[in-house]
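The values are calculated or read from the model by the stated rules, or taken from the named source; none is laboratory data. Predicted, not measured: the structure shown is a model, and the values here were computed from it. We place every Cβ from the backbone using ideal geometry, glycine too, and count neighbours over all the protein chains shown.
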Amino acid sequence: MARVNFDGSSSIVTGGASGIGEASARLLAAAGSRVVIADLNEERGQAVASELGGLFVRCDVTSTEDADTTVAAASEMGPLRALVNSAGLGLPGRTITRDNEPMDLSKFEFVIRVNLIGSFNMLSRAAGAMAATEPMDDDGQRGAIVNMASAAAFDGQIGQAAYSASKGGIVGMTLPIARDLSVVGIRVNTIAPGLIDTPIYGEGEQSDAFKAHLGESVLFPKRLGSGEELAFMVMDLLTNPYMNAEVIRVDGGIRMPPK
């Protein structure tokens, strides 16, 4: 049994302008797929898309209109076969402050909306287009989706209530969505990254020292993971035709402490 061939297909990577999304987009392009970089960072997104021979679409993942525009743009370049849901954000905040003030509910709602609802929005719109394509093989396979959760879904730290809830929601919806989409031959898997070296940590000597300190808590290897290492797993989940409905931690064995 051969791996899934993405040559001549189109794919969508949300958050594709940087980090794990960019690394995944590069590997998809190398596999012969025309990649749509769906991001809010126009300057960086345009640069990555141009380099990969793909297309940039400015996309707010919580907008059904933006999602439909992104899916339509991908479908014009070839049959849509892959979606990588990599867009997301964190907004730390304790449930109550040290002065016993409750967290601003709008902050909690914002993180849930972008990370969880945004992922489902992109997934459902992309799945609709995938379902309309011709099957790729005798199994009736039409496409594959990879969502990005986090180790925080399982080991949420102090101040991560909103983030952990959003990523836990992604974990929780993986199996039922895979069941929903099995009838049209679309596989759905989720990755739960640990500490990954992305632009969120900044640059420079102070940033490097902070990342080295974080890396000491990783079981092995004792460092932050790279976007490319996560992208390797993304491609494994996309191209292995028997991987479905699974959540996989890619975290160097870390189990996050309370803080």
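Of note:
- Flag set for Arg125, criterion: crowded, with 19+ Cβ neighbours inside 10 Å and either in a helix (DSSP H, G or I) or of a type outside the set (Phe, Trp, Tyr) (or both).
- For segment 90-100, the set of residues classified as at pLDDT 95 or above, of a type outside the set (S, T, N, Q) and touching a helix residue (DSSP H, G or I) at 6+ places or on another chain (Cβ under 6 Å) consists of Gly93 only.
- Test: residue in segment 226-239 that is more than 20 Å from Leu116 (Cα to Cα), among the β-branched types (Val, Ile, Thr) and part of a loop (DSSP other than H, G, I, E, B): no
- Scanning segment 200-230 for residues that are modelled with pLDDT of 95 or more and in contact with a helix residue (DSSP H, G or I) (Cβ under 6 Å, 6 or more places away or on another chain) gives Lys222, Arg223, Leu224, Gly227, Glu228, Leu230.
- Considered as a group, the residues in segment 101-123 that are out of contact with any helix residue (DSSP H, G or I) (no Cβ under 8 Å at 6 or more places or on another chain) and not hydrophobic (A, V, I, L, M, F, W, C) include one that is farthest from Val57 (Cα to Cα), and that residue is Glu101.
- Per the conditions (1) surrounded by 17 or more Cβ atoms within 10 Å (Cβ to Cβ); (2) over 16 Å from Leu83 (Cβ atoms), the sole criterion not satisfied by Ser50 is (1).
- Complete set of residues in segment 182-199 that are β-branched (Val, Ile, Thr), over 12 Å from Gly227 (Cα atoms) and either in contact (Cβ under 8 Å) with a residue 40 or more places away in the chain or in contact with a strand residue (DSSP E or B) (Cβ under 6 Å, 6 or more places away or on another chain) (or both): Val184, Ile186, Val188, Thr190, Ile191
- Selection count where residues are surrounded by fewer than 23 Cβ atoms within 10 Å (Cβ to Cβ) and either in contact with a Phe, Trp or Tyr (Cβ under 6 Å, 6 or more places away or on another chain) or not in a loop (DSSP other than H, G, I, E, B) (or both), scope segment 134-159: 4
- Taken together, the residues in segment 1-35 that are over 19 Å from Val114 (Cβ atoms) and either surrounded by 24 or more Cβ atoms within 10 Å (Cβ to Cβ) or not β-branched (Val, Ile, Thr) (or both) amount to 22.
- Top-ranked residue in segment 36-67 [being touching a residue at least 40 places away in the same chain (Cβ under 8 Å) and touching a Lys or Arg at 6+ places or on another chain (Cβ under 6 Å); ranked as nearest to Val114 (Cα to Cα)]: Thr62
- Residue within segment 22-31 that is of a type outside the set (D, E, K, R), more than 17 Å from the chain's Cα centre (by Cα) and closer than 26 Å to Asp236 by Cα present: yes
- Counted residues, segment 32-51 - those being within 14 Å of Ser9 (Cα to Cα) and more than 17 Å from the chain's Cα centre (by Cα): 3
- Any hit, segment 191-199, residues being modelled with pLDDT under 95, in contact with a helix residue (DSSP H, G or I) (Cβ under 7 Å, 6 or more places away or on another chain), surrounded by fewer than 23 Cβ atoms within 10 Å (Cβ to Cβ) and assigned to a helix (DSSP H, G or I): yes
- As a summary of the residue check, Ala212 satisfies the conditions (1) out of contact with any strand residue (DSSP E or B) (no Cβ under 9 Å at 6 or more places or on another chain); (2) assigned to a loop (DSSP other than H, G, I, E, B) except for the one numbered (2).
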